[in-house]
Amino acid sequence: MTVTEAPAEGTREIGNARRRKEDQRLITGRTKWTDNIQLPGMLHLAMVRSPFAHAKITGIDTSAAKTAPNVVAVLTGKDVAEEQGVLANAWPITADQVAPVHPPIAVDRATFAGEVVAVVIARSAAEARDAAELVDVDYEELPAALDLKEAAEDKVLAHPDLGTNKSALWVFNSADAGTGGNVEEAIDEARQNGVLIEREYRQQRLIPAFMEPRSVVVDPTGEQLTMWSATQIPHILRYLLAATTGVPESKIRVIAPDVGGGFGGKLQSTPEEWITWLAARRTGKPVKYTETRSESLMAGHHGRDQWQRLTLAATKDGTVTGLKVDLLADLGSYVSLVGGGVPVLGAFMFNAIYKFPAYHFQVQTVLTNKTWTDAYRGAGRPEATFAIERLMDELADELGVDPLEIREKNWIKHEEFPFTTVAGLEYDSGNYEAATAKARELFGYDELRAEQKRRRESGDPVQLGIGVSTFTEMCGLAPSRVLGQLSYGAGGWEHASVRMLPTGKVEVVTGTSPHGQGHETAWSQIVADRLGVAFEDVEVLHGDTQISHKGLDSYGSRSLVVGGEALVRAADKVVEKAKPIAAHLLEASVDDIEFKDGTFGVRGTDKGVAIGELAAAAFTGHNLPDGVEPTLDSDATYDPVNFSYPHGTHLCAVEIDTETGGVKMRKYVAVDDVGVVVNPLIVEGQVHGGLVQGIAQALWEEAVHDEFGTLVSASFVDYLVPTAADTISFDLDHTSTPSTTNSLGTKGVGEAGTIASTPAVVNAVVDALRPWGVHDVRMPCTPERIWKAIQGGGKEPTEGEAMPHFDESAVADRSKGAVE
Amino acid sequence: MTRINVTVDGVSYSDDVEPRTLLVHYLRERLGKTGTVVGCDTSNCGACTVHLDGQSVKSCNVLAVQADGRAVTTIEGLAQDGQLHAVQQAFHECHALQCGFCTPGMIMQAVDLLNENPNPSEEEIRLGLEGNLCRCTGYHNIVRAVQTAAGGAQ
């Protein structure tokens, strides 16, 4: 890719594959990770964590630890019960949601294996860790609620004082909402005269596994208490610290320096942050805590973990008529920051790109004695997309038609946009036909189908499977009014400032908080075009609440579509502020001033003044029109009017060795429509990384607990984050239908790859195994599970699908037959 | 405490270290070489990869005392006279990094791989980087970068 071609006038930068500004420091090791910070007199923490999933803390003997070398203090939950604050749930999804109080250090009961029960403060990290070994905790083990389905039946209580594990039941019914018909009628009709697809799918528990372990430093020695944290959400963190620890917000500064990935896993306010905050305030010294990888996997929040009971109704010709979704979602032992809201984010997406006339969704969130769950890349939407894309394949199989054909029959046609869905969303733009046609060609769909046929007919031990995923998603979180309707605790706007420096350079301050996404580069491109300044002359500042005083941070593929629009509006205000000054200097009427490519000209003349000159004029203030403020600096806070709806068609081919169950990915094509692309290099990178995370859910990753509730996949030996040797090179392309809800026409891309790829891969695996009568393989589709599915002639792993969906007695033990 | 003499990025150091000190902790905490990072505790992720006498090692898996009398090169010492190493340049050109946390180790491993095999196939690159985890890029552009650096070296 070259960067030399001059793009169209006014768009010199947008669409340009600019190499990233961020790279220089990252490729030379001149980085500022939180763990790099060393402050004078700094103390270090080590956590003492419960080895039991559920246990009463009957006593803690800290005497030996307290006398260990260079230990400053040892604190238990009891010691700090009154001052440690609580960890908040910002999204109570129902008014009657049951949620336990979440203390940073457990006070009298540990509720998952890995929960902090005491903390050691020492002069070095090694000494703190040594002393943590000396803390003697007496536990009285309690029965633990571990299995999600059993927990939903309240057989064992995760929090006995709450009386139930059921946290909240959230329901959407298109018949009640006025957005569609009655799904029960559709199901009855299909049962008698049409096709009913009933399935139960498992969304296994995953771990975000960002590469930089979480780290936090608190310096209490200044007028403001300063927290550096490896977080996605410095602004929200500041607000929550103020709200729950009694320190005025104006006395808190939060900094997210270089942050090594997040994927939702750093969209959290963590016990470790609160404990470090507490330790620094207690000791009056700077304090640092950096987790080990094992701690990160065990106690950083997990993702997914749902059972999905699904019923799709269709006519015999394959037209979908209704969709019913019934979820159980495992919250873990606390309702985390977004917590139960994650499955609700999926509620609007099960209908996907298809024209369902009737829809019913419900989710029961359930407390268990496991690590809390929260956002992980896609957050609710991968679950929804997986379910519907698997179901569409099942419907195609049932009817004996091609899976692309059944999709085309039911999807929204390009001329039908804007389209209001059965879930009540208005999709602004899209062209599913175009993306699919392109993907089909790039993939060589027909040729691969022919090869599949040949292999089937010849009884080749290596079978070919072809998987389809024609996904959309809702991102760009989010219109504040909608969040209010959903009882979310904050808004969804974003803030940006543009400062015109007197030397002609431009400082951009954004409320988004990048941790690998390349905002410094992309935001520079946007401002360079908007103000006609050089890409190199734009500096993007973020992630420090003292500099970026206002923002709602980065998650939910929101940064460009919300934060980028705030930036566009701030830049446009700069232009408006500059016009009267330009008119004054050019001795013209403001109405005659035109702005183009960085120059303010007078219509019909060749007179002009550059924006940099106006910045200097404003700075000196020597010659400004009367009453005009001596600055061009502007800011904007933008509240989106709608979500963003990227879409695409992903096609995956896998080869399965039917003798061993081994899976080899042969080809993966992704044609995404993310509207207007600001930087194709960054967009491709987001898709590549997203794909691998989604593929990893399909094939490799699972957080596994033993029967005692211990996480047995608590290291990178056991939790299978894929390597370069596990993955392949991808074939990407794009179609573009600009979004109509933001000035640049952009759509979110951060989560798209993850959302799309999981069902594409599992559909491919199942497609390869269909001759054996297999209809499902539970994720991750390990060689063992695939081999068993083949041996079982499809019976074992698909047990759920054959069952009457609404017969509760039959549902009770369905998990037992599934292949583990 | 044990006295060690070690050259890191061309500078000689002489320090007393606890025998249990890992090389990565010595580099980060004593020498301030924070370009090298710690990503795990089981030597799986490779984020801490450096060169010891010109060969890649995971510095979480080497004791500081084992580096006595030897030369360590970290990501901070890879560029020479302000000129990026070809692999660093290729990572930038090919967008082979996003958050950048795995990057120091990934680059050091890639340099070692190319030292051993200047013209690797895609398969050889993928196998050669198997000990280094990246969560952002899906490896696609990392492989491209190593291919680009290999091509540029010819």
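Basic side chains Lys and Arg get +1 at the Cβ, acidic Asp and Glu get -1 at the Cβ, and with that the dipole of segment A:192-291 about its Cα centre reaches some 200 debye. You can think of it this way: the chain between residue A:96 and residue A:417 has 111.8 nm of extra reach, that is 0.36 nm per residue less the Cα-Cα gap. Sorting B:48, B:136, B:40 from the fewest to the most surrounding beta carbons within 10 angstrom yields B:40, B:48, B:136.
For segment A:226-278, the spread of Cα coordinates along the three principal axes comes to 30, 18, 16 Å, biggest extent given first. Computed from the C-alpha gyration tensor, the three semi-axes of the ellipsoid equivalent to chain A are 43, 38, 23 Å, from longest to shortest. The value for segment A:470-559 of Rg(Cα) / (2.2 N^0.38 Å) is 1.23. Here the Karplus curve 6.51 cos²θ - 1.76 cosθ + 1.60, taken at θ = phi - 60°, turns the phi angles of segment A:79-94 into couplings of 4, 10, 3, 7, 10, 7, x, 9, 9, 8, 9, 8, 9, x, 6, 9 Hz, with x standing for Gly and Pro.
Estimated from helical segments only, the mean residue ellipticity of chain A at 222 nm is -8500 deg cm²/dmol, where each DSSP H run of four or more residues counts as -39500 (n - 2.57). Of the cross-linked pairs A:66/A:285; A:21/A:438; A:149/A:370; A:266/A:370; A:438/A:747, those separated by over 23 Å at the C-alpha level are A:21/A:438. For residue A:606 and residue A:30, what is the calculated FRET efficiency with R₀ set at 60 Å and r taken between the beta-carbons, to the nearest 0.05? Taking R0 as 60 Å, the efficiency between residue A:606 and residue A:30 is 0.85. Distance from the Cα centroid of segment A:505-549 to that of segment A:184-205 is 49 Å (rounded to whole angstrom). Counting only other residues whose beta carbon sits under 15 Å from that of residue A:483, what net charge do I get with K and R as +1, D and E as -1? Net charge around residue A:483: -1. Report, for segment A:327-453, the % of DSSP beta bridges that are antiparallel, rounded to 5. Counting only bridges with both partners in segment A:327-453, antiparallel ones make up about 40 percent. Using only side-chain charges placed at the Cβ, +1 for Lys and Arg and -1 for Asp and Glu, the dipole size of the protein assembly as shown relative to its Cα centre rounds to 1140 debye.
The simple spin-label model puts a point 7 Å past each Cα toward its Cβ; for residue B:5 and residue A:733 those points are separated by 6.4 nm.
The angle between the Cα long axis of helix B:140-153 and the longest principal axis of the Cα atoms of chain B comes to about 90 degrees, rounded to the nearest 10. Among A:385, B:21, A:421, A:283, a tally of other beta-carbon atoms within 10 Å of each Cβ gives an order, fewest to most, of A:283, B:21, A:421, A:385. For segment A:231-373, a Kirkwood hydrodynamic radius built from all Cα pairs, placed in the Stokes-Einstein relation at 10 °C and 1.306 mPa s, yields a translational diffusion coefficient of 88 µm²/s.
Among residues other than residue A:108 with Cβ under 9 Å from its Cβ, the summed charge is +3 (Lys and Arg +1, Asp and Glu -1). Kirkwood-type hydrodynamic radius, segment A:632-770: 17.2 Å, calculated from all non-identical alpha-carbon pairs. If R0 is taken as 51 Å, the Cβ-Cβ distance between residue A:161 and residue B:130 corresponds to a FRET efficiency of 0.55. Cross-link partners of residue A:550 among lysines, defined as those whose alpha carbon lies under 17 angstrom from its own and excluding same-chain residues fewer than eight positions apart: A:251. For the segment A:554-560, counting C-beta atoms of other chains within 10 Å of every residue's C-beta and taking the mean gives 0.
Can you compute log10 of I(q)/I(0) for segment B:11-154 with the Debye formula, treating each Cα as one identical point scatterer, at q = 0.20 Å⁻¹? Scattering profile of segment B:11-154, log10 relative to I(0): -1.20.
Here the calculated FRET efficiency for residue B:66 and residue A:138, from their Cβ-Cβ distance with R0 = 35 Å, stands at 0.30, rounded to the nearest 0.05. Residues A:558, A:449, A:377, A:199, ranked from the fewest to the most other C-beta atoms within 10 Å, line up as A:449, A:199, A:558, A:377.
Here the simple spin-label model places points 7 Å from the Cα toward Cβ, and for residue A:480 and residue A:447 these points are separated by 5.4 nm. Could you tell me which of B:7, B:148, A:237 has its Cα farthest along the dipole of the protein assembly as shown towards the positive end, charges placed at Cβ (Lys, Arg +1; Asp, Glu -1), taken about the Cα centre? Of the candidates, B:7 comes out farthest on the positive side.
Look at the stretch B:24-34: the mean tally of other chain Cβ atoms within 10 Å of its residues' Cβ atoms is 2. Across segment A:477-492, computed HN-Hα scalar couplings (Karplus, 6.51 cos²θ - 1.76 cosθ + 1.60, θ = phi - 60°) run 5, 5, x, 4, 4, 5, 4, x, 5, 8, 6, 6, x, 8, x, x Hz from first to last residue, x flagging Gly and Pro. Within segment B:28-59, whose backbone N sits under 16 Å from a point 7 Å along Cα→Cβ of residue A:124? B:28-33, by backbone N distance to the label point.
In loop segments of segment A:693-791 as defined by DSSP, the GluC sites (Glu not before Pro) with at most 11 further C-beta atoms inside 10 Å of their C-beta are A:707.
Remark: the residue A:154-residue A:66 segment gains 27.6 nm on full extension, using 0.36 nm per residue and subtracting the alpha carbon distance. Can you work out the PRE-style zone for residue A:192? Point 7 Å along Cα to Cβ, and I want the residues of segment A:320-341 with backbone N under 17 Å. Answer for this model: A:321-322. Straight-line reach from residue A:596: taking Cα to Cα under 13 Å and skipping same-chain neighbours fewer than 8 places apart, the aspartates and glutamates in range are A:9, A:529, A:572, A:576, A:606. Dipole magnitude for segment B:64-133: about 160 debye, using +1 per Lys or Arg Cβ and -1 per Asp or Glu Cβ, origin at the Cα centre. The modelled label-to-label distance for the pair residue B:42/residue A:405, using points 7 Å beyond Cα in the direction of Cβ, is 4.7 nm.
No value in this document is a laboratory result; all are computed from the given coordinates. This one's a predicted model, so the numbers in the text were calculated from it and none came from an experiment. Here the Cβ is made from the backbone with ideal geometry for all residues, glycine too, and neighbour counts use every protein chain on show.
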